[in-house]
Amino acid sequence: MSDGDVQQIEVGRLPAEFGADAVLLDVREDDEWQNGHIAGAQHIPMGDVPARIDEIDRDATLYVICHAGGRSQRVAQYLARNGFEPVNVAGGMLSWVQAGRPVSTGS
C-alpha cells in the first residue's frame, strides 16, 4: 500500500457507536464541530493533528471524517505515514446527514 492509498468507507458501513475499539476522528474546525457532530467522536482540528497525534488510540479501528471527505483524506494519509491504519469516511458529514444518522450539537 503506498502513502496515498487510504482505505475508504461509506457511511452506511460505519459502526453504530464509537468508543473503545472504534474511534471516529473529526478533523473539522471548532465552529463546524459545534454546529453538529457525531456523538462519541473525537475532535482534533486538522491543523492540530500533528501536535496531538499521541491522543489518538493506535489500537482502535480509526475512522477519519470532515465535512465532505477532502480534509479527512489528507489527515488519513498523514496518519498512515505515521504508523496508523486509518479509514477515510467517504463524503464526510454531508453523507452522514444524508443517510439520516444522528447529529449532536454544542460542545
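The values are calculated or read from the model by the stated rules, or taken from the named source; none is laboratory data. Just so you know, these numbers come straight off a predicted model, no measurement behind them. Cβ coordinates were reconstructed from backbone atoms using ideal geometry, including for glycine residues, and neighbour counts include every protein chain displayed. The protein model used for the area step is the full one, side chains on, heavy atoms only, and it has no ligands, DNA or RNA in it. Shrake-Rupley method; radii C 1.70, N 1.55, O 1.52, S 1.80 Å.
Things worth noting here:
- Condition met for Gln73 (modelled with pLDDT of 95 or more, buried (at least 17 other Cβ atoms within 10 Å of the Cβ), in a helix (DSSP H, G or I) and within 11 Å of the chain's Cα centre (by Cα)): yes
- Every residue from region 33-64 that is buried (at least 17 other Cβ atoms within 10 Å of the Cβ) and either under 12 Å from Glu85 (Cα atoms) or in contact with a Gly (Cβ under 6 Å, 6 or more places away or on another chain) (or both): Ile56, Ala60, Leu62, Tyr63, Val64
- Check on Ala80, at pLDDT 95 or above, under 11 Å from the mean Cα position of the chain (by Cα), open to solvent by less than 60 Å² (accessible area, probe 1.4 Å) and small (Gly, Ala, Ser): no
- Qualifying residues in region 89-106 (those that are open to solvent by 60 Å² or more (accessible area, probe 1.4 Å) and in contact with a His (Cβ under 9 Å, 6 or more places away or on another chain)) - the one farthest from Gln34 (Cα to Cα): Leu94
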